[in-house]
1. Determine, for Phe596, Phe334, the number of other Cβ atoms within 10 Å of each Cβ, and report the residues in order from fewest to most.
2. Subtracting the Cα-Cα distance from 0.36 nm times the residue separation, let me have the gained length for His506 to Gln203 in nm, one decimal.
3. Please work out the C-alpha center-to-center distance from the stretch 381-422 to the stretch 498-525 and express it in whole Å.
4. Quick check: the distance between the Cα centres of the stretch 546-569 and the stretch 170-205, to the nearest angstrom?
5. As I understand it, the value is the acute angle between the Cα axis of helix 221-232 and the longest principal axis of the Cα atoms of the chain; what does it come to in degrees, rounded to 10?
6. If you line up the Cα atoms of the stretch 216-360 on their principal axes, what length do they span on each, largest first, in Å?
7. Rounded to the nearest 10 degrees, what's the angle between the helix 58-72 long axis and the longest principal axis of the chain, both from Cα atoms, 0 to 90?
8. What full-extension length gain, to one decimal in nm, is calculated for Ser270 and Glu577 as 0.36 nm per residue of separation minus the Cα-Cα distance?
Amino acid sequence: MPETSPSPRAEPELEGDYRPADPATPGAHLDPANIRVEAADVAYLMRLTDALNTTLDLETLLRRTSELVAAVIPYRIFAILLVNDRTHEMRVRFQIGHITQIERLHIPMGKGVVGQVALTRQPVLLNDVSASEMYVEVNPEVRSELAVPLIAKNRLIGVMDIESEQADYFRPEHLRLLTLTASRIAQAIENARLYARVSRQAQTLTVLNEIAAELTSILDLDPLLERIGQLLRRLIDYQMFSIMLLDEKGETLITRYVWRFGSAQTPLRSLPITSGLVGAAVREWRLVNVPDVRNDARYVAMNPETRSELVVPLFHKGRIIGVLDLEHTRADFFNKEHERVLTTLAAQVAIAIENAQLYQAVRTQEAQLERDISMAREVQLRLLPSVAPTWTNADMAVRFLPARTIGGDLYDFVEYGPGRMAIVLGDVSGKAAPAALFAALVSGIMRSAAQQRLEPARMLATLNDTIQERKLESQYVTMLFALWNDDSRTLQVANSGAVQPILCRHGQSSTVRAEGFPLGLFPNASYDELNVATEPGDAIVFFSDGILDAENEQREMYGPERLAELLCSRGEQSAQEIADAILNDVSRFQGEQERFDDETVIVLRVR
């Protein structure tokens, strides 16, 4: 009984018998049968070409090919095998009617009918397979076989194979027709594979771009390494993966991340660069792809399941910082496409890892700096008096708020003998640690000079000369130096560019107008000195420019008017209450605005 195709025919069968005409026979080309065959051939090839040109999807293409062949050669067993360019073996890419699962078969060149066709690039027609030595039995029911090579641009693509359970089933015209079909199918398959390859490359580039964008946003090293492993699986279906980074000496690879068979593992191993495939990648500055690690003497057996391994070095600014190590239980798993993808990705991974390491180093340094600044703040606060001294005729208070952890304002109360005390308020240029260190230097110089009991104007001149001897670039100090005489209730005031004090008497404010150049700007500077006779009930406030320059959300400055009004509104309050009220009012005025300068207030209230 003739065999029929299990699938519906895509096209009606061609009419007429396929009896090839003999060109050597006179008048053969005029034989109506030959004309009929040639016309059928042309019609069939046109339909075939139209069908193949309408798709670039390989699966669809192979299915349509099977339908078109079935329309002219009824079959029950059909297969298309494609050549693996790396192994030079053939595997079934599409099949109909085989009684066993043959997709996993690897057929070497020269083995069996299809292997012989692939090796010789010549079609084979066997009407009795049992009589042929080349036949390898896969289906015991098969009796005849027809196989043709698929060749595109002189390159073997694969083999198209048809089998029958009936002896003498295939005729020479079937061979001729299938051979005509093969050349067109081969080119269509090559186009589809090329399109698939280009599509994969475009998709890979898109994924690589997404990965690169995501990796640059992760700055913590451990989460970054874990994410690299996760994202890499979108590109390569590895089974084991690790990231190893070089130590500071560049002599040992330390495992920082491990993934095995679906879960992350605890990193345990480290290897010197003189050992293993990972060490070879570092020493040789190149990618290492081993198809079967059992045959490579460099391999260090860490995972007994491993058969193939791919190691890619991570380069950053002309040096290797580590490696990506991929492993698989199947031999010869990693191919050239994997190498290209990993080489491209490795550059982005190296940058991301280096950025994360730098960020980690910066965070460590910042933590150390915070500890150092905290200690410096403790030292600074110990240098500054926590409370103002108490006198018979004067009630004093001080409040200090640094703009940052440590500040550049300095203040002090220095005994000048019986009944006399120096009130010192200074402001060093700059902020934070440099200003605080310079303030400590100036404070030390001032206390050393105070032992001479110099009058205010002379004290500032001496400080200016000393700072000139230790001059630092762009560093200067504004300072107000006032000498309180408790017996006479008088102030001697000299000023080197500091904010002028405000005095409130009987509800009216005035400014103590002492002026002068900042310390450290000009050599041989001289300073004026004012004498202020106070009365009981007077309140004098000494303050840094951080008070007046404080801004609110509307960019308005606190200013001397608000300060004078607040000072005079406090009536009979103590010096401490006045100092607290000033800082509280400044804070209320600033609202959510960040404090950008140190705020220091010294209040003297005459008893």
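Any read-out appearing in this document is the output of simple, stated calculations on the displayed coordinates, not a laboratory observation. Remember, it's a predicted structure, so these values are computed and weren't measured experimentally. Every residue, glycine among them, receives a Cβ derived from its backbone with ideal geometry; neighbour counts consider all protein chains shown.
1. Details: Phe596 13, Phe334 22.
Listing Phe596, Phe334 from fewest to most nearby Cβ atoms yields Phe596, Phe334.
2. Details: separation 303, 0.36 × 303 = 109.08 nm, distance 8.39 nm.
Extra length from His506 to Gln203 when fully extended: 100.7 nm.
3. About 18 Å separates the Cα centre of the stretch 381-422 from the one of the stretch 498-525.
4. That distance is 85 Å.
5. Orientation of helix 221-232: about 20 degrees from the principal axis.
6. On the principal axes, the stretch 216-360 reaches 41, 32, 29 Å in Cα extent.
7. The answer is roughly 10 degrees.
8. Values: separation 307, 0.36 × 307 = 110.52 nm, distance 6.59 nm.
Here the answer is 103.9 nm.
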